[in-house]
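Asker: Before I ask anything, here is the structure I am working with.
All of the numbers you see were taken from the coordinates with simple rules; none came from a lab. Since the model is a prediction, treat every value here as computed from it, not as a measurement. Cβ atoms come from the backbone with ideal geometry, glycine included; neighbour counts cover every protein chain shown.
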Amino acid sequence: MKRYKDETERPNEWLTRLREEPKLYGLLLDEAGSLALAAHRIAKARCRIHPTAGAVPTGIEVHAAAREIQSFVPSIGRVPLADDLASDCDAAGVPVLARFRAA
């Protein structure tokens, strides 16, 4: 599943296609090279379709996307914590917003 224009230009259609063809989650995971990066791509596409969302997903959004991937690719095992996924994204040079903490 190469990164198609749909992912950036028509993210709603891209996300719909993922849900309609669950095998694409495995292909996305293989192509991205890591759960964190695959989840980031899904989370970023979701950010594009929500007008109030920012352009950069939060660690929690990446974590939710990782859990979605895991539901279709259970062989990946346990989903890391949101902070760990965010750290993996950061190490790969992919921006993720930190979780907001109560003061």
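Asker: Hey, can you list the DSSP H helices of the chain whose Cα span along the axis is 15 Å or longer and whose average Kyte-Doolittle score is at least -0.5? Display every interim value, and only then the final one.
Answerer: Numbers: long enough: 35-49 (22 Å, 0.50); 59-72 (20 Å, 0.14).
Membrane-span-like by this criterion, though nothing is claimed about a membrane: 35-49, 59-72.
Asker: Within a 10 angstrom radius of the beta carbon, how do Ser34, Ser75 rank from fewest other beta carbons to most? Let's see the in-between values first.
Answerer: On the way: Ser34 15, Ser75 7.
By the 10 Å Cβ count, ascending, the order reads Ser75, Ser34.
Asker: Dipole size in debye (nearest 20) for the chain around its Cα centre, Lys and Arg Cβ +1, Asp and Glu Cβ -1?
Answerer: On the way: 15 positive and 14 negative charges, 37 e Å.
Using only the charged Cβ atoms, the result is roughly 180 debye.
Asker: Scanning the chain for trypsin sites (Lys or Arg not before Pro) in DSSP loops with at most 13 other Cβ atoms within 10 Å, what's the longest stretch left with none?
Answerer: On the way: sites that count: Lys2, Arg3, Arg78, Arg99, Arg101.
Longest site-free region, per DSSP loop and neighbour criteria: 4-77.
Asker: Please give, to one decimal in nm, the separation of the simple spin-label points placed at Arg78 and Leu97, each 7 Å out from Cα toward the Cβ.
Answerer: 2.9
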